[in-house]
Amino acid sequence: MELAPGEYEFTCYECDGDGSLQVIRGTDDDEPELVGDKCDECGGEGTVSYDEEEAAEAIEVGRTPLRTPSAT
């Protein structure tokens with residue numbers, strides 16, 4: 001899928017591109033346990049798309065985009 005003009009794709013920072021996170025679950029009756037859950041930030045895809053402003057901020061802190069908009 002091609003990116004929209006001004007859109008940059010990055011590895012999800014929350015899940016490190018895995019698409020899932022380890023979360024603690026339990027009820028009052030059960031001992032808490034560590035289980036996998038879909039990452040809310042990327043929706044389980046492992047990547048996120050940022051506009052030019054958000055991308056500039058991410059690049060400034062050292063993140064590298066996976067894909068950038070094509071210059072046509």
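Per-structure values
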{"read-out": "Per residue, the convex hull volume that the Cα atoms of the chain enclose (Å³)", "value": "103"}
{"read-out": "Amide H contacts of Ser20 (H built 1.01 Å from N, under 5 Å, at least 5 apart or other chain)", "value": "Cys39"}
{"read-out": "Max mean-square fluctuation residue, GNM over the chain, Cα-Cα springs under 10 Å, options Gly36, Gly19, Gly46", "value": "Gly36"}
{"read-out": "DSSP-assigned coil residues among chymotrypsin sites (Phe, Trp or Tyr not before Pro) in the chain, each with at most 14 further Cβ atoms within 10 Å", "value": "Tyr13"}
{"read-out": "Theoretical ellipticity at 222 nm over the chain - DSSP helices of four or more residues, -39500 (n - 2.57) apiece, nearest 500", "value": "-3500 deg cm²/dmol"}
{"read-out": "Accessible area expressed per residue, the chain, with surrounding protein chains retained (probe 1.4 Å, Å²)", "value": "78"}
{"read-out": "Whole-percent carbon and sulfur share, accessible surface of the range 9-72, 1.4 Å", "value": "41"}
{"read-out": "Value of relative contact order over the chain, rounded to a whole percent, pairs C-alpha under 8 Å and six or more apart", "value": "46"}
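The values are calculated or read from the model by the stated rules, or taken from the named source; none is laboratory data. What you see is a predicted model, and the numbers here were worked out from it, not measured in a lab. We place every Cβ from the backbone using ideal geometry, glycine too, and count neighbours over all the protein chains shown. Accessible surface areas use protein heavy atoms only, side chains included; no ligands, DNA or RNA. Shrake-Rupley method; radii C 1.70, N 1.55, O 1.52, S 1.80 Å.
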